Amino acid sequence: MDKSSSNDLSFWPLSKSRRYILFPTLQNLISDKKRNSVVDIGCAEGDLCMILAKDPAIHSICGIDISSTLIKNAEEKKKLLSLSEYNKISYIMGDALQLLPLSKPVDIIILAHILCMSKNLEELATYFKITYDSLCSSGTLLISVPHPAFDNITSKSLQRIYHEPYTYFS
């Protein structure tokens, strides 16, 4: 489909659970919050970042993902769609546990389907500490965890994307 015929991602292949449940719910949850700056940890190919970029109250969005392939795909998608709203998006490839806390506090941090990749309770606790330390005093942390109704998120599919085993901690 021609990118100029659509100013949204409706033509982009997204799973139904993300398109109709997860992303609209996250948008609704932040609609009444201060949201100048947003960080999406585990941004994958940047779909949520691009949807949030349409919100005029958001001035900067940073997507972080550990997969260089997914960050490359996010950058290519942003370039392909080339809408001015996407200029406020930046992507960083790396492990959020090592990149955070950020030098400048942010209003909202989103952890969508990322905590299930924690290897143990200590790593999970670290996620909470570093995200808390990265938020401004009135900041919001949004967490979404996979539900069986969502896409088939398995260790095998995560291994394919990230090239190393990720499992729920025991």
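The values are calculated or read from the model by the stated rules, or taken from the named source; none is laboratory data. No experiment lies behind these values; they were computed from the predicted model shown. Ideal geometry is used to build each Cβ from the backbone, glycine not excepted, and the neighbour counts take in all protein chains shown. For the accessible areas, the whole protein counts, side chains as well, though only heavy atoms, and no ligand, DNA or RNA atoms are used. Shrake-Rupley method; radii C 1.70, N 1.55, O 1.52, S 1.80 Å.
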Check: Given the pairs LYS34/LYS129; LYS54/LYS104; LYS34/LYS78; LYS79/LYS129; LYS72/LYS119, which span a C-alpha to C-alpha distance of over 29 angstrom in this model?
Finding: LYS79/LYS129
Item checked: Share of carbon and sulfur in the accessible heavy-atom surface of region 39-128 [1.4 Å probe, %] -> 57 percent
Notebook entry, point to check: Can you give the extra length, in nm with one decimal, that the chain gains between PHE128 and LEU97 once fully stretched, where that is 0.36 nm per residue apart less the Cα-Cα distance?
Noted result: 10.2 nm
Note to self: Taking amide H atoms as placed 1.01 Å from N in the peptide plane, list the residues 5 or more away in sequence, or in a different chain, whose amide H sits under 5 Å from that of SER90.
What the structure shows: ILE61, CYS62, GLY63
Check: Residues of region 14-102: accessible area per residue at 1.4 Å, in Å²?
Finding: 47 Å²
Item checked: Label-to-label distance, nm, for residues given as ASN87 and LEU121 (7 Å Cα→Cβ offset) -> 4.9 nm
